[in-house]
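Structure, as structure tokens:
The values are calculated or read from the model by the stated rules, or taken from the named source; none is laboratory data. None of these values were measured; they are calculated from a predicted model. Don't worry about glycine lacking a Cβ; one is built from the backbone with ideal geometry, like all the others, and counts go over all protein chains shown. With ligands, DNA and RNA removed, areas are computed over all heavy atoms of the protein, side chains included. Shrake-Rupley method; radii C 1.70, N 1.55, O 1.52, S 1.80 Å.
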Amino acid sequence: MSEGLISETNIFVDLDVKDFAELIQQIAQPLIDEQDVVQEFPLQVIKREENFPTGLPTEPIGVAIPHTDAKYVHRNRVTIATLKNPIKMEVMGGMDDSLIDVSIVFLLALGQSNKQLNILKKLMGILPEAELLERIKKGTREEIYQIAIKEIEL
Amino acid sequence: MGKNLLFVCATGIATSTAVTEKVMEFLKEKEMTDVNYSQTNVASVQQNSDEADLIVSTTKIPYDLETPVINGLALITGVGEEKVLNAIYEQLKGE
């Protein structure tokens, strides 16, 4: 049986958070409640982000794809959050330590590396699509869910 | 003589694989077929870079290496992707 990677409880719209840590603590809560991840998952995501930032300078809206080691994950889940005000994040690769504004976040809770690759490739497929990113940013929970299922094919 | 390309990301698993597939596909289209590649995580890059002619990385490499490094971020976002693919091609061709 193929299990869905996303449900509406894993979608957060127009969140008002001040920084990355607050964001992750908040959006990881349903994953913890459902025992999709271990308790320390959000802390591990925050820690990894410090060493290996995941901000992506996509146009016209910055995206981030925070994640952590598969061992903190029981069940594969993708959480999507759109932010009321962008947060500053470091760019993946961080060659020049520059910060970008991120307004769309895909929090990846994936338990196997082949699953990570598979989801990463799906996300890479939509990252260059400015119009799709705009629709996610403006979307309601239901609209984002439909985009996730039908267009990103999560 | 074949060139050696080393792909680097944080864990040496997901991101570098996605980037590897894109680059190798592009080189194939350019009919550059004598390229060998391997992948590694950033913590092991020093041990693995000696034989590499070029490194493509999506993570910051906090060491000084003799091997030239190209930032592969554009291959993830798709923004400026052609430019980076061509830079990789030119670098491999030029040596």
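Count Lys and Arg as plus one, Asp and Glu as minus one, and take only other residues whose Cβ is under 14 Å from that of residue B:44; the net charge is then -2.
Across the range A:3-154, the mean sequence separation of Cα contacts (distance under 8 Å, 6 or more residues apart), normalised by length, yields a relative contact order of 28 percent. When the P(r) is computed for the range A:22-127, the part past 24 Å accounts for 18% of the Cα-Cα pairs. Using C-alpha pairs below 8 Å separated by at least 6 residues, the relative contact order for the range A:42-96 is 45 percent.
Taking a straight line from the alpha carbon of residue A:18, these lysines sit under 25 Å away, with near neighbours fewer than eight places off in the same chain left out: A:47, A:84, A:88, A:137, A:138. The H on the amide N of residue B:37, modeled in the peptide plane, is under 5 Å from the matching H of B:5, each at least 5 residues off or on a different chain.
Of the accessible area of the protein assembly as shown, computed with a 1.4 Å probe over protein heavy atoms only, carbon and sulfur atoms account for 46 percent.
Interface burial in the range A:118-137, defined as at least 10 Å² less accessible area with all protein chains than with the chain alone at a 1.4 Å probe, covers A:120, A:121, A:124, A:127, A:128. Burial here means at least 20 square angstrom less accessible surface with every protein chain in place than with the chain by itself, probed at 1.4 Å; in the range B:63-89 the buried residues are B:71, B:73, B:76, B:77, B:79.
Counting pairs of alpha carbon atoms under 8 Å apart in space and at least six apart in sequence, what relative contact order in percent does chain B give?
Relative contact order, chain B: 32 percent.
Just to confirm my numbers, what's the Cα centroid distance between the range B:4-69 and the range A:42-98 in Å? Taking the Cα centre of each part, the range B:4-69 and the range A:42-98 sit 22 Å apart. Farthest towards the positive end of the charge dipole of the range B:2-95, among the residues B:24, B:46, B:61, is the Cα of B:61, using unit charges on the Cβ of Lys, Arg, Asp and Glu. Computed with every protein chain present, the accessible area of residue A:17 is close to 10 Å² [probe 1.4 Å]. The B-A contact accounts for roughly 1700 square angstrom of buried accessible surface, both chains included, probe 1.4 angstrom. The mean number of Cβ atoms from other chains found within 10 Å of a Cβ in peptide B:12-18 is 6, as a whole number.
Residues whose amide H comes within less than 5 Å of that of residue A:13, counting only those at least five positions distant or on another chain, are A:82 (H built at 1.01 Å from N in the peptide plane). Based on protein heavy atoms only, chain B ends up with 50 Å² per residue of surface accessible to a 1.4 Å probe.
Per-residue Cβ counts within 10 Å, from other chains only, averaged over A:139-146: what number is that? Shielding by partners across A:139-146 averages 0.
In order along the range A:101-106, phi translates into HN-Hα couplings of 8, 10, 10, 10, 10, 10 Hz, rounded to whole numbers, per the Karplus curve 6.51 cos²θ - 1.76 cosθ + 1.60 with θ = phi - 60° and x for Gly and Pro. Rolling a 1.4 Å probe over the protein heavy atoms gives chain A an accessible area of 46 Å² per residue.
Using the rule -39500 (n - 2.57) for each DSSP H run of four or more residues, divided by the residues of chain A, the 222 nm mean residue ellipticity is -9500 deg cm²/dmol. For the range A:22-27, 3J(HN,Hα) computed residue by residue from phi via the Karplus equation (6.51, -1.76, 1.60; θ = phi - 60°) reads 4, 4, 5, 4, 6, 7 Hz, glycine and proline entered as x.
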